[in-house]
Amino acid sequence: MSNESSTKSGSVKTGEPIIKCEEVHKWYGNFHVLRGVNMDVHKGEVVVVFGPSGSGKSTFIRCINRLEEHQKGRIIVDGIELSHDVRNIAAIRKEVGMVFQQFNLFPHLTVMQNITLGPIYVRKWNKDKAEEIAMQLLERVGIPEQAQKYPGQLSGGQQQRVAIARALAMQPKIMLFDEPTSALDPEMIKEVLEVMEELAESGMTMIVVTHEMGFARAVADTMYFFDEGQIVESGTPEEVFMNPQEDRTKLFLSQILQH
Amino acid sequence: MTSLTPAKDILPPPTERSTVLGWMKKNLFGSIGDTILTFVAGGLLLWLIFAIVNWILTKAQWAAVTDNLQLYMKGQYPASEDWRLWLLMFLLALIVGMAWGIFLKRAEAVGWVLLIIPVVLAVWLITLHRESWWRFLVVDILAMLGYFLGKRYPKKLARPTYILLLLYMPLVILVVRGFGENGFMKLVGTNLWGGLLLSLLLAVFGIVFSFPIGVLLALGRQSKMPALKTLSVIYIELIRGVPLITLLFMGQLMLPFFLPAGITIDRVIRAVVAIIMFAAAYMAENVRGGLQSIPKGQYEAADVIGLSGWQKMVFIILPQALRAVIPVLVGQFIGLFKDTSLVALVGLLDLLGIARGILANPSYIGRQLEVFAFIAMIYWVFSYGMSYASGRLETTLGVGER
Ligand SMILES: Nc1ncnc2c1ncn2[C@@H]1O[C@H](COP(=O)(O)OP(=O)(O)O)[C@@H](O)[C@H]1O
Ligand SMILES: [Mg+2]
């Protein structure tokens, strides 16, 4: 926290952003979920998205890897514009990893199989190489001894760390996290956040939807406050926490920082 | 002291001492009402068992069964070619024994029951003065041999066992049907296939082919491609709206009108196709139930790691969906096995067809009860076997889940 002026993760906000969202709109039927979202994310930048429930945070980050389709505006990821072109979608999914609130591990496969499935069948690595890298990742997230277990035999925190390892195994350039700690018991939140902090420090480009403000303060380069499908306010953690400009931001922060 | 050994404070759960008397007191004679019910139900049960055993041993005349054992088992299949069927039995015993040794590893009570059945059959045949009794003992010996080999060399034999299992069905057709006009393995036309042999062949082929077709139909019904989806829905709903017997009659009577003159399709094949078509539609609906039980998050997680549509289905969705519906599917397999008896109504001589044929013989007038009790028992043994195997499969596959 000493170098307030440059970004925490050391990324430089110049040149072409790796993710570029321009005036993104989306509707569910008549319901206007995203109302013109603009966001540029640079390589190595750590972005925290927060805001009230139902404000469209999940919908927005799911548009970035095309789990949801936007209907207006442009999203460009690593130079590829998201469109109906299936090849573009496949290309982007190789570059973007995602971690879900509910882990979504494959319950019928072991931890090792969960992690190596993508590398073997999508990246086409041979099994030995995939398993070697999976072991390294399990060590990185601190649970190498669980490799042969099934997800159902692990605690929530361990499952979420496996999910992070599974996403990293594809060697993505960008990681998306949708409330990764919201389904966890309090005592397990820390172990997952530590893994994410280490990842942020290693230079990974990350978009994290979270209400863990301690995490945001420690690693975020930019914070975006979402409300009713729009970005109401953005800035560095210092700007957002110390000097929020909008009333809605102030109100929301006062509510979540109370406890 | 206590602070050093806190573990000592942890008490084991209280154990209920269970004795036979204790169990009976609790479950059978807990109250006056229970006691009355126990006596009434117990009395009825005893009376029923006595009546049945009495009928089997003293009243029933089993000639209609014992005179025609060959017919029940294999219909008109020529006696000179019996060795082919026994050869297949022997091979099956060996394969099952090996698979048991490799995958289950333990002998288990069921294993013993399975081994006792051929012994009982052999003893029965001896009392009937049949010469073929020793063949059942060969079946047992081969099964045990397979078991010990499988247990001893599980790694080496796993692959050959899989291959044998896969090859077994085509081999059955080749050996049962044969080839060439005469000589070694001469052709035995399907018109001579019958009895349990035919029933089992119909059931096994019905199951083995309707299953993948059903899975494809279920996937088709879920598909985003409108043409595929519509076709699947139409097929499923059409077939489900028609009784199997109608399909069988259509296959036997109407199909010849649609085929060009001179082309005939074997009657057994027509029946089997009707059974497969019928079962596939129901299979599709059951599999669809399994597919719907898979949470959306599983699809998304597979998408996110970049799996293609087919990879997603094969590696993630289907294994979970099928596992969820094993009991339903096995129930359907059992139903299918019993439904094969409908082919008797279109003139095929399966187990039921043979039974009806035998009862038409004037010397067996009035022996319906014996004959139907006998074939009912055969159907029951196989159906219960499938049901039991499915229970085992569920527990085996359930290991380490959730
Ligand atoms: N598949 C859907 N169909 C219809 N409405 C949806 C769907 N998914 C989300 N919504 C609605 O869109 C709004 C935004 O949802 P979401 O992006 O999940 O918000 P957040 O993640 O910020 O809580 C909510 O009001 C939600 O009810
Ligand atoms: Mg959300």
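Data table
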quantity	calculated
Footprinting exposure proxy for B:Ile275, A:Ile92 (fewest neighbouring C-beta atoms within 10 Å first)	A:Ile92, B:Ile275
Neighbourhood net charge (12 Å Cβ-Cβ; Lys/Arg +1, Asp/Glu -1) for B:Ile236	+2
Cβ charges +1 (Lys, Arg) and -1 (Asp, Glu), total dipole of the stretch A:1-149, debye	260 debye
Distance histogram in 5 Å bins (all Cα pairs of chain A, percent per bin)	1, 6, 13, 17, 19, 17, 13, 8, 4, 1, 0, 0
Rh (Kirkwood; distinct C-alpha pairs) - the stretch A:109-227, Å	14.9 Å
Rounded to whole Hz, the Karplus (6.51, -1.76, 1.60) HN-Hα couplings of the stretch A:224-231, x for glycine and proline	10, 9, 9, 8, 6, x, 10, 8
Selected from B:Pro13, B:Pro154, B:Pro243 as most flexible by GNM, with chain B as the system and alpha-carbon contacts under 10 Å	B:Pro13
With at most 12 neighbouring Cβ atoms within 10 Å, loop GluC sites (Glu not before Pro) (DSSP) excluded, longest segment of chain B	B:182-402
The stretch A:129-222: relative contact order as a whole-number percent, Cα under 8 Å and 6+ apart	28 percent
Among A:Glu197, A:Glu187, A:Glu246: highest mean-square fluctuation, GNM of chain A, C-alpha pairs under 10 Å	A:Glu187
Pair-distance profile P(r), taking every C-alpha pair of the protein assembly as shown, with 20 angstrom steps and integer %	14, 35, 29, 19, 4, 0
Percent RCO, i.e. relative contact order, over chain A, from Cα pairs under 8 Å lying at least 6 residues apart	26 percent
Axial C-alpha extent at least 27 Å, average Kyte-Doolittle at least 1.6 - helices from chain B (DSSP)	B:32-54, B:108-127, B:195-222
Sparse-neighbourhood loop sites, trypsin sites (Lys or Arg not before Pro) in the stretch B:207-276 - DSSP loop, at most 10 other Cβ within 10 angstrom	B:Lys224
Sequence-separation-based contact order of the stretch A:170-228, relative, with Cα cut under 8 Å and 6+ spacing, percent	45 percent
Flagged links, alpha-carbon separation over 18 Å, of A:Lys72/B:Lys229; A:Lys129/B:Lys156; A:Lys57/B:Lys224; B:Lys105/B:Lys156; A:Lys94/A:Lys190	A:Lys72/B:Lys229; A:Lys129/B:Lys156; A:Lys57/B:Lys224; A:Lys94/A:Lys190
Prolate/oblate/rounded label for the stretch B:28-187 (Cα gyration tensor, a/c 1.5)	oblate
Taking only Cα atoms of the stretch B:153-222, radius of gyration then Dmax in Å	16.7, 52
Highest-fluctuation residue, B:Gly241, B:Gly206, B:Gly22 considered, GNM on chain B with Cα pairs under 10 Å	B:Gly22
Sum of -39500 (n - 2.57) over DSSP H runs of 4+, divided by residues of chain B (222 nm, nearest 500)	-22000 deg cm²/dmol
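Values in this text are rule-based calculations from the coordinates and carry no lab data. Bear in mind that the values here come from a model prediction, so they are computed numbers and not experimental data. Note: ideal-geometry Cβ built from the backbone for every residue, glycine included; neighbour counts use all protein chains shown.
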